[in-house]
Amino acid sequence: MKKIKVGIIGAGGISHSHIEAFKQLPDIEIAAISDPNEAKLSFVAEKFGILKRFVNWEDVLKEPIDIVSICSPNAFHAQQAISALKAGKHVICEKPVALNVEEAENIIETAEKTGNKFMVAFCHRFTPYSQFIKKLVENGHLGEIYYAKASCLRRRGIPGLGTWFTTKKLAGGGPLIDIGVHILDLTVYFMGCPEPELIVGVTYNKFKNQAIDGGWPPIWSRVGDKPSGIFDVEDLAAGFIRFKNNATLFLEASWAGNSETGLKIALMGTKSGVQYCPSSQPPLKIFGELNGVVTDTTAEFPSVNVYHAEIEHFVNCVRNNTQPITTPKEIISVTKIIQNIYKSAETGKPVEF
Ligand SMILES: NC(=O)c1ccc[n+]([C@@H]2O[C@H](COP(=O)([O-])OP(=O)(O)OC[C@H]3O[C@@H](n4cnc5c(N)ncnc54)[C@H](O)[C@@H]3O)[C@@H](O)[C@H]2O)c1
């Protein structure tokens, strides 16, 4: 098998999961890494024995590598992905793909023009639950999905408080673009990516004064970080989306708030419904009907390392020249919904397409 060489851009918390996932695959070499924070760059390069280390991410692209893994703050994703694709590299980019639709479209266009692979690292797609639900939908088991709810709520879990995570110009927003994007992507994937028609959004920032750091990125990974102390993004966001096929989705995401916590997705279809909540027992419930009697079915799967599964999938796409699981249409649609929830929240008006 041909050896594949990988370059990592951004040596923060999530880069460890990417590097470990690449390293467990055969015939892969992590050949280069970059981070503007020299202390962190050395820490991660030493930990994983990566020889080429650069302060400027552009230098990674000059190396003879095949895949670039983008693990930098959100605001840099578009520029780095476009440059990497133009430099002839295949790109796996952390979520969110970019700050807005224009940036996302430019990435997709560049991937199409260059013919290089591009995937967004939506790791939740790789749980056996997600794959099982997707198959149920595709096999028509749910009938027509006409209503969905997706929530990802934390009570006191603000990541990197006072770092790029809570700085609008670097992150693009708060929990909606950070963790809401995962459940939105998953729900859009399950629903077959219908076209949005109307979006209503709200955002709040109520915990600014009593906010506490949520523990991500892991403290041990924050070597040499110098937080600015800025917190100008929301701590809770909600959106209501009506699609052109008349299906609707209610979405909510918080880093802080006084409520139950966890990730939950519910899909209501004309034949059956599903509820997926990884922290509940059982994590998956299917609400159906048999011989005129309503029935509940449950399913449980062994846990998998989603980062390993996601990286393996992308490497296979590169090796076999196949389309990554995140399609251009889904990537743009998820970005469009997030951008317009923020727009609606800002203007106080619904956004109609
Ligand atoms: N899929 C997931 O489960 C998951 C989990 C956490 C984070 N993420 C995403 O991964 C990305 C990184 O998040 P993180 O948690 O590792 O954050 P982090 O703060 O731990 O790491 C970000 C790193 O990028 C570096 N950096 C800053 N500017 C840069 C630039 N211009 N070029 C290259 N590197 C630069 C910083 O010095 C830092 O070391 C974000 O987009 C985030 O949304 C995804």
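Applying the selection to the range 2-11, what residues are farther than 21 Å from G160 by Cβ and within 12 Å of the ligand (Cβ to nearest atom)? Listed by number, the list holds a single entry, G7. Scanning the range 12-37 for residues that are among the charged types (D, E, K, R) and either touching a Pro at 6+ places or on another chain (Cβ under 8 Å) or within 11 Å of the ligand (Cβ to nearest atom) (or both) turns up just one, D35. Elements of the type strands (runs of 3 or more DSSP E) sitting completely within the range 89-204 and holding at least 1 residues that are more than 16 Å from the ligand (Cβ to nearest atom) and either in contact with a strand residue (DSSP E or B) (Cβ under 8 Å, 6 or more places away or on another chain) or not β-branched (V, I, T) (or both): these cover 90-93, 145-153, 196-204.
When restricted to residues that are of a type in the set (A, V, I, L, M), in a helix (DSSP H, G or I) and more than 11 Å from the ligand (Cβ to nearest atom), the range 69-88 contains 5.
For the condition surrounded by fewer than 17 Cβ atoms within 10 Å (Cβ to Cβ), among the polar types (S, T, N, Q) and more than 24 Å from I177 (Cα to Cα), T295 qualifies. Assess whether F54 counts as being aromatic (F, W, Y) and more than 23 Å from E20 (Cα to Cα). Against the criterion (aromatic (F, W, Y) and more than 23 Å from E20 (Cα to Cα)), F54 does not qualify.
For (1) buried (at least 17 other Cβ atoms within 10 Å of the Cβ); (2) out of contact with any Leu (no Cβ under 9 Å at 6 or more places or on another chain), each residue gets a yes or a no:
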residue: V188; (1), (2): yes, no
residue: W220; (1), (2): no, yes
residue: S259; (1), (2): no, no
residue: G273; (1), (2): yes, no
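Does at least one position in the range 179-189 carry a residue that is within 27 Å of F76 (Cβ to Cβ) and either more than 16 Å from the chain's Cα centre (by Cα) or charged (D, E, K, R) (or both)? Within the range 179-189, one or more residues are within 27 Å of F76 (Cβ to Cβ) and either more than 16 Å from the chain's Cα centre (by Cα) or charged (D, E, K, R) (or both). Against the criterion of being touching a helix residue (DSSP H, G or I) at 6+ places or on another chain (Cβ under 6 Å), modelled with pLDDT of 95 or more, surrounded by fewer than 24 Cβ atoms within 10 Å (Cβ to Cβ) and of a type in the set (D, E, K, R), K62 does not qualify. So is K95 touching a Cys at 6+ places or on another chain (Cβ under 9 Å) and not assigned by TED's automatic domain parsing to the domain that holds G239 or not? For K95, the condition - touching a Cys at 6+ places or on another chain (Cβ under 9 Å) and not assigned by TED's automatic domain parsing to the domain that holds G239 - is met. Please verify whether F126 is of a type in the set (F, W, Y), buried (at least 24 other Cβ atoms within 10 Å of the Cβ) and in contact (Cβ under 8 Å) with a residue 12 or more places away in the chain, treating the condition exactly as stated. Answer is no for this residue. Of the residues screened, G292 is one that is free of Cβ contacts under 8 Å to residues at least 12 places away in the same chain and among the small types (G, A, S). Within the range 26-45, residues that are closer than 7 Å to A11 by Cβ reach partners that are among the charged types (D, E, K, R) and buried (at least 18 other Cβ atoms within 10 Å of the Cβ) with beta carbons closer than 7 Å, at six or more positions or on different chains, in the pairs I33/R53; L41/D35; L41/R53.
The values are calculated or read from the model by the stated rules, or taken from the named source; none is laboratory data. Bear in mind the structure is a predicted one, so any value in this text is a computation, not a measurement. Backbone-built Cβ (ideal geometry, glycine too); neighbour counts: all protein chains shown.
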